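A quick write-up on the structure given underneath.
The values are calculated or read from the model by the stated rules, or taken from the named source; none is laboratory data. The shown structure was predicted, so the numbers you read here are calculated from the model rather than taken from an experiment. Cβ sites come from the backbone with ideal geometry, for glycine too, and all protein chains shown count toward neighbours.
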Amino acid sequence: MSTFTLKMEIADNRHFNGTLSPLFSVEEAEKARNFHKQVEGYQPTPLQPLDNLAKSIGVGKVLVKDESQRFDLCAFKMLGGAYAIARLLCQEYNIDINDFSFDKLKTDIKEPMTFATATDGNHGRGVAWAANQLGQGAVVYMPKGAAQERVDNIRKLGAECIVTDMNYDDTVRLAIKTADENGWKVVQDTAWEGYTEIPTWIMQGYTTLVAEAVDQMAEMNIEKPTHVLLQAGVGALAGGALGYLTNKYGANGIKSIILEPEQADCIYRSGISEQGEMVNVDGDLDTIMVGLACGEPNPIGWPVLRDCATQFVSCQDKVAALGMRVLGNPLGNDPRVVSGESGAVGAGFLVAVDSHPNRDAFYQQMGLDKDSVILVINTEGDTDPVHYREVVWEGKHAI
């Protein structure tokens with residue numbers, strides 16, 4: 001393969017202390033997973049072994065958890081939104097989450113409810129889907145520049161979808177304000193003072209996908225991954241997934257690399273801060289990785305990442321575009337994975353590092369070698385099909 005340089009800042013986590021979070025224990029993950037198993041159409045998404053890619057880049061295994069096949073929603077986000085709404089309704093109607101039933105709750109709900117959220121697309125679609133399943137209302141706010149396909153997918157589920165002229169974080173604030181004025185329930189995947197319970201449930205819902213992956217690795221006779229690559233927006237998925245994996249294997253039992261776009265790298269900047277404090281990023285947050293275009297860390301997820309992540313990475317959009325092409329055009333008989341912009345950054349990062357002039361130094365820094373077993377999360381499929389074709393067919397954001 002060619003040697004080329006893409007912009008990637010890789011920083012070791014100097015704040016690592018290995019403190020585990022009880023919020024994302026194996027027991028809490030099992031509770032969420034048992035709920036998801038009750039949802040009609042549930043089945044674990046594939047864990048795809050890319051053995052030819054692994055051989056090409058000189059590692060033992062590359063395993064891609066393919067969330068593009070999560071129900072018919074093409075992304076992992078419903079795992080969090082649906083679980084949070086279920087927990088919220090169980091709290092409202094004094095029901096044990098272990099006894100939750102969509103059909104039963106439909107008949108028990110006397111007063112119609114409306115759930116509100118802000119989203120780049122996938123989280124809002126998950127909230128709209130859960131509300132639709134329960135015959136309830138949903139109002140979804142999206143930041144400026146939202147792809148029409150993502151808007152249409154939300155509206156098809158019966159939700160009201162409003163595209164603002166603001167960035168993601170300001171759109172969150174608008175959703176909160178409007179929900180408060182109208183008496184709606186906010187289901188948001190980030191936290192703030194006085195609002196922590198629902199985002200915690202959302203993050204616990206996300207642990208289902210890594211719990212599935214652990215079982216799938218066992219079926220492949222793989223004891224555990226040595227590395228996990230986790231993309232971060234506010235850090236909800238990254239925090240929940242890493243929280244579970246470190247509870248499962250120990251904080252020193254797995255190396256974790258947290259990936260962000262350079263235009264919205266609040267987690268990376270927090271990671272290199274003097275005291276490990278949360279650092280916000282403002283402006284347009286203009287990145288093709290729209291699911292990661294968030295400028296303010298989730299205060300529930302950030303302590304997990306600060307205490308247990310191995311490295312933080314800020315990278316340019318071309319890394320994600322490379323990943324879309326790598327996964328969509330596999331080597332040899334490796335399975336094809338359709339991955340959107342936010343889903344592909346992990347695979348793109350691996351190939352970009354392998355092709356970099358400083359490859360050996362990067363591999364040493366991250367502890368990558370011929371025995372490494374790398375878990376990559378493809379968080380979404382082609383949720384914006386037009387842009388997917390522009391990247392994969394037309395070479396947009398080419399090297």
| query | Looking at the range 232-344, what helices (runs of 4 or more DSSP H) fall wholly within it and have at least 3 residues that are under 26 Å from Val386 (Cβ atoms) and touching a Leu at 6+ places or on another chain (Cβ under 8 Å)? | reply | 317-328
| field | Enumerated helices (runs of 4 or more DSSP H) restricted to the range 61-172, each holding at least 2 residues that are buried (at least 18 other Cβ atoms within 10 Å of the Cβ), in contact (Cβ under 8 Å) with a residue 40 or more places away in the chain and of a type in the set (S, T, N, Q) | value | 122-133
| Here are Ala54, Ala29: which of them is in contact (Cβ under 8 Å) with a residue 12 or more places away in the chain, assigned to a helix (DSSP H, G or I) and out of contact with any strand residue (DSSP E or B) (no Cβ under 6 Å at 6 or more places or on another chain)? | Ala29
| Would you pick out the residues in the range 93-120 that are more than 30 Å from the chain's Cα centre (by Cα) and among the aliphatic types (A, V, I, L, M)? | Ile109
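I'd like the full set of residues that are among the hydrophobic types (A, V, I, L, M, F, W, C) and closer than 30 Å to Ser273 by Cβ, limited to the range 16-36.
So in the range 16-36, the residues among the hydrophobic types (A, V, I, L, M, F, W, C) come out as 16, 20, 23-24, 26, 29, 32, 35.
Passing the criteria: Phe16, Leu20, Leu23, Phe24, Ala29.
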| query | Under the condition of being of a type in the set (A, V, I, L, M) and outside any helix (DSSP H, G or I), which residue from the range 199-230 is surrounded by the most Cβ atoms within 10 Å (Cβ to Cβ)? | reply | Val228
| task | Name the single residue, out of those in the range 189-221 being at pLDDT below 95 and of a type outside the set (Gly, Ala, Ser), that is nearest to Gly301 (Cα to Cα). | result | Thr190
| said: When the residues of the range 180-198 are narrowed to those that are of a type outside the set (Lys, Arg) and in a strand (DSSP E or B), which ends up surrounded by the most Cβ atoms within 10 Å (Cβ to Cβ)? | reply: Val186
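Being modelled with pLDDT under 90 and either among the polar types (S, T, N, Q) or under 18 Å from the mean Cα position of the chain (by Cα) (or both) narrows it down to one residue among Gln148, Gln133; which is it? Step through it out loud before you land on a result.
Numbers: Gln148 fails: modelled with pLDDT under 90.
Of Gln148, Gln133, the one residue that is modelled with pLDDT under 90 and either among the polar types (S, T, N, Q) or under 18 Å from the mean Cα position of the chain (by Cα) (or both) is Gln133.
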| Members of the range 286-307 that are farther than 16 Å from Ala241 by Cα and not hydrophobic (A, V, I, L, M, F, W, C) | Asp286, Thr287, Gly291, Gly295, Glu296
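What number of residues in the range 32-45 are without any contact (Cβ under 8 Å) to a residue 60 or more places away in the chain and either among the charged types (D, E, K, R) or touching a strand residue (DSSP E or B) at 6+ places or on another chain (Cβ under 7 Å) (or both)?
So in the range 32-45, the residues without any contact (Cβ under 8 Å) to a residue 60 or more places away in the chain come out as 37, 41-43.
Narrowing the set further to residues that are either among the charged types (D, E, K, R) or touching a strand residue (DSSP E or B) at 6+ places or on another chain (Cβ under 7 Å) (or both) leaves 37.
Residues that pass the stated criteria total 1.
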